[in-house]
Amino acid sequence: MRLVPVLALVAQLSWSVIAQSWDVEPPSTADPNTPADCTWWHIAEASDTCDAIAGTYALEISDLISYNPSLAASCALVAGNSYCIERNWGIPPEIPVTTTTSPVSTPTSNPGNGVVTPTPIQDGMTKSCNKFYLVKSGDGCANIASANGVPLADFYSWNPAVGDTCGGLWANVYVCVGIIGGGGGGTGTTQPPATTTAPGNGISTPTPIQDGMTGSCNKFYFVKSGDGCATIASSNGIGLSDFYTWNPAVGSTCSGLWANVYVCVGVIGNSSPSTTTAPVSTTTAGNGVSTPTPIQEGMVSNCNRFTLVKSGDSCATIASSNGIPLSDFYKWNPAVGETCAGLWANVYVCVRVIGYTTPVTTTAPPPVTTTAPGNGISTPTPIQDGMVGNCNKFYKVKSGDGCAVIASSNGVALADFYKWNPAVGNTCASLWLDVYVCIGIVGSTPTTTVATTTRAGNGVATPTPIQAGMTTRCKTFHLVVGGDTCYDIAAKAGITLNNFYAWNPAVGTNCGSLWGQYYVCIAIL
């Protein structure tokens, strides 16, 4: 399927018989009887069906047909033609909905309250709702609540299916933003953000905020997509530990930081350091070394060389590029964990300590080789600890390599690669640059092609490895690389995060189990 974003549309074609004008012109031929207030189009592909299109955009089949009268007879799609999937920018019609024109959605009435409820809605919406909002792509719970003048806690209470972290919010579905008897009165257009005053301190606090923010806050920051706790703290000249103390809901690892909410970056009585162009630094007692901030807790106190972690970095690449063993890196930076799962971007890590002697390297002689006892195979060095003793084929890791890529290009199963090279870990987190890994053992027969499996009945070749539970309807795949997140993968593929989680359940609902060098599904049949 190809989705055509509203902002990218350009008037291109008109029907050859009847000139029709739409609020947003279709990118290709469209039925002139399509409603003039269409604001979002889908270009049909040969493999599309009405059910698939409706499912992708959370539409009822009846809605899809009402938007596209040419589909009424047999729902026969014409490849290359444009079909309407949204009317009037997703804004629902005035309530009550008239019965003389085709409404955007089929209304239903909640028994006993007399309020007409547009559809579709998510399960569990409060039955006392009397004000609704159609979720658009890119919306978040916090900005919907703020724009409609309701507390975020109320929004979650009225719409329990979205979850307490907004992970279940669906696009093109109505949510509740007001209930009978009060709540949801703001228009979200002309009024400024609602403010509250912390008791006794006289400070006006903008909303929305996360629960538990300190009551003595006097300086606030609006979180944008892509922000991290460390960067927010650093850019506002405060310690990361203070940021966590003042904003406990974000958690001790920043996993609970929400976009489009305010966080505290200053408190009454706290003297923030003046901002300069150079990083804020502190001096570790007794060693005279100036330490840049922010750093993660537990860094050794005798560190004398630091590097700022960038997005996409891994513990192995940082250690390799600074000429230190990975074991030393883990020892000097214990907060990253023994699998590198706790490495944070935009934070300084230690890459050298006082008195450390860099291992001597030579360039002129050829690689030193050793012979594994009993098998007569000459083994190049360096290798990682634990490589199997019966290895007879080796590969030197280059920048950009991943376990799955190495295994696939050498015709071996990823499970075998992990078994022969246990030090890389079962998620490839400890693959080292410029060391040799095992890609064949005595008695093994490598395959000559990349291993693929075919999902029964759909005819699509599925690359490997994949995580358990991937949808059997997948037709397009993405190989996860360093720095990928579920949000980024979904955004680049033009799909909702909810669909990504539904098609790849093994990654978890918070992306906590996304595995590097594995394939994930980004489009379905």
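The values are calculated or read from the model by the stated rules, or taken from the named source; none is laboratory data. Predicted, not measured: the structure shown is a model, and the values here were computed from it. Cβ atoms come from the backbone with ideal geometry, glycine included; neighbour counts cover every protein chain shown.
Observations on the model:
- Looking only at the range 253-269, residues that are in contact with a Phe, Trp or Tyr (Cβ under 6 Å, 6 or more places away or on another chain) and not aliphatic (A, V, I, L, M) come to 2 in all.
- Residue match in the range 16-39 (condition: at pLDDT 85 or above, within 17 Å of residue 137 (Cα to Cα) and not in a helix (DSSP H, G or I)): yes
- Counted as qualifying within the range 143-217 are the strands (runs of 3 or more DSSP E) with 3 or more residues that are modelled with pLDDT under 80 and at negative phi, namely 195-197.
- Members of the range 498-516 that are of a type in the set (A, V, I, L, M, F, W, C) and under 24 Å from residue 310 (Cβ atoms): 507, 511, 514, 515
- Within the range 314-355, the set of residues being assigned to a strand (DSSP E or B) and among the charged types (D, E, K, R) comprises 352 only.
- Filter pass, residue 380 being modelled with pLDDT of 85 or more and under 29 Å from residue 417 (Cα atoms): yes
- Filtered residue count, the range 317-343, keeping only those that are among the aliphatic types (A, V, I, L, M) and within 22 Å of residue 355 (Cα to Cα): 4
- For the range 483-522, filtered to residues that are in contact with a helix residue (DSSP H, G or I) (Cβ under 7 Å, 6 or more places away or on another chain) and in a strand (DSSP E or B), the residue that is surrounded by the fewest Cβ atoms within 10 Å (Cβ to Cβ) is 522.
- Being modelled with pLDDT of 80 or more, in a helix (DSSP H, G or I) and either out of contact with any strand residue (DSSP E or B) (no Cβ under 6 Å at 6 or more places or on another chain) or within 15 Å of residue 29 (Cα to Cα) (or both) is a property that residue 77 lacks.
- Within the range 389-414, the residues that satisfy the criterion of being in a helix (DSSP H, G or I) and closer than 15 Å to residue 431 by Cα are 403, 404, 405, 406, 407, 414.
- Residue among 248, 294 that alone is under 30 Å from residue 138 (Cβ atoms) and at pLDDT below 85: 294
- Pairs with Cβ under 9 Å, 6+ apart, first in the range 258-279 and modelled with pLDDT of 80 or more and crowded, with 16+ Cβ neighbours inside 10 Å, second among the basic types (Lys, Arg) and part of a strand (DSSP E or B): 264/219; 265/219; 266/219; 267/219
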